[in-house]
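Student: Sharing a structure below in structure tokens format, with a few things to ask.
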Amino acid sequence: MDVYSEMHIASTPKALEYKRMATKHDTETLLERQALKPPPLYQVALLNDDYTPMEFVVAIIQEYFNKDRETATQIMLSVHRYGKGVCGVFSKDIACTKVEFVLTHARKAGHPLQCVMEEV
């Protein structure tokens, strides 16, 4: 049998159906073996300090976490009263980026504001 004949046989409807069935079965078996779970989420929180002005914290929450003024004020009050305020829950990459942006902005403004991410 030459190469052309082998290619022709492999592309017949019956052969293609067998390939699809085998691929589908292999995929199902692989998925059964792997317990797929969603990626972990991380909460981004601001920590209290005695030096960062409350208005600056509200502005940071509005700018980097897209909260309205009232919600940002409530989060800021949580930071002030309880020592920590959660600004949002994100995937790892987004949470890490937000932490870096907040820390960079705070340092440039001369404030010791701390921002952390914790796995939920």
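Student: Count, please, the residues in the stretch 82-98 that happen to be outside any helix (DSSP H, G or I) and more than 10 Å from the chain's Cα centre (by Cα). I'd like the intermediate steps shown before the answer.
Tutor: Taking the stretch 82-98 and keeping what is outside any helix (DSSP H, G or I), we get 83-91.
Now drop any that are not more than 10 Å from the chain's Cα centre (by Cα), which leaves 83-88.
Matching residues across the stretch 82-98 total 6.
Student: Within the stretch 63-86, does at least one residue satisfy the condition of being touching a strand residue (DSSP E or B) at 6+ places or on another chain (Cβ under 6 Å) and among the basic types (Lys, Arg)?
Tutor: In the first step, residues of the stretch 63-86 are kept if they are touching a strand residue (DSSP E or B) at 6+ places or on another chain (Cβ under 6 Å); the result is 65, 75, 78-79, 84-86.
Pick out the ones that are also among the basic types (Lys, Arg) and you get 84.
The answer is yes; a qualifying residue exists.
For every residue, the table says whether it meets (1) modelled with pLDDT of 85 or more; (2) buried (at least 17 other Cβ atoms within 10 Å of the Cβ); (3) of a type in the set (S, T, N, Q).
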site: 16; (1), (2), (3): no, no, no
site: 25; (1), (2), (3): no, no, no
site: 30; (1), (2), (3): no, no, no
site: 65; (1), (2), (3): yes, yes, no
site: 86; (1), (2), (3): yes, no, no
site: 89; (1), (2), (3): yes, no, no
site: 100; (1), (2), (3): yes, no, no
site: 116; (1), (2), (3): yes, no, no
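Student: Moving on to the next point. Which pairs turn up if I take residues in the stretch 41-54 that are farther than 14 Å from residue 75 by Cα and look for partners that are at pLDDT 95 or above and acidic (Asp, Glu) with beta carbon separation below 9 Å, at least 6 apart in sequence or on another chain?
Tutor: 41/119; 42/118; 42/119
Student: Moving on. With the requirement that a residue be outside any helix (DSSP H, G or I) and closer than 22 Å to residue 120 by Cβ, what does the stretch 62-81 give you? I'd like the intermediate steps shown before the answer.
Tutor: Step one: list which residues in the stretch 62-81 are outside any helix (DSSP H, G or I), which gives 66-68.
If the condition is that a residue be outside any helix (DSSP H, G or I) and closer than 22 Å to residue 120 by Cβ, then 66, 67 are the ones that fit.
Student: Can I ask one more? Can you pull out the residues in the stretch 40-61 that are of a type outside the set (A, V, I, L, M, F, W, C), part of a helix (DSSP H, G or I) and surrounded by 17 or more Cβ atoms within 10 Å (Cβ to Cβ)?
Tutor: Kept after step one, since they are of a type outside the set (A, V, I, L, M, F, W, C), are these residues of the stretch 40-61: 40, 42-43, 48-53, 55.
Cutting the leftovers down to part of a helix (DSSP H, G or I) gives us 55.
Listed by number, the list is empty, since nothing qualifies.
Student: Count, please, the residues in the stretch 102-113 that happen to be surrounded by 13 or more Cβ atoms within 10 Å (Cβ to Cβ) and touching a helix residue (DSSP H, G or I) at 6+ places or on another chain (Cβ under 8 Å).
Tutor: Start the filter on the stretch 102-113 by keeping residues that are surrounded by 13 or more Cβ atoms within 10 Å (Cβ to Cβ), which leaves 102-103, 105-106, 109, 111, 113.
Narrowing further to those that are touching a helix residue (DSSP H, G or I) at 6+ places or on another chain (Cβ under 8 Å): 102, 105-106, 109, 111, 113.
Total meeting the criteria: 6.
Student: Could you check the stretch 74-102 and list, in sequence order, the residues that are out of contact with any Gly (no Cβ under 7 Å at 6 or more places or on another chain) and under 12 Å from residue 52 (Cα atoms)? Working first, answer last.
Tutor: The first filter runs over the stretch 74-102 and keeps only residues out of contact with any Gly (no Cβ under 7 Å at 6 or more places or on another chain), leaving 74, 77, 80-102.
Of everything in the stretch 74-102, just one residue is out of contact with any Gly (no Cβ under 7 Å at 6 or more places or on another chain) and under 12 Å from residue 52 (Cα atoms), namely 80.
The values are calculated or read from the model by the stated rules, or taken from the named source; none is laboratory data. Since this is a predicted model, take the numbers as computed values, not measurements. Virtual Cβ from ideal backbone geometry, glycine too; neighbours counted across all protein chains shown.
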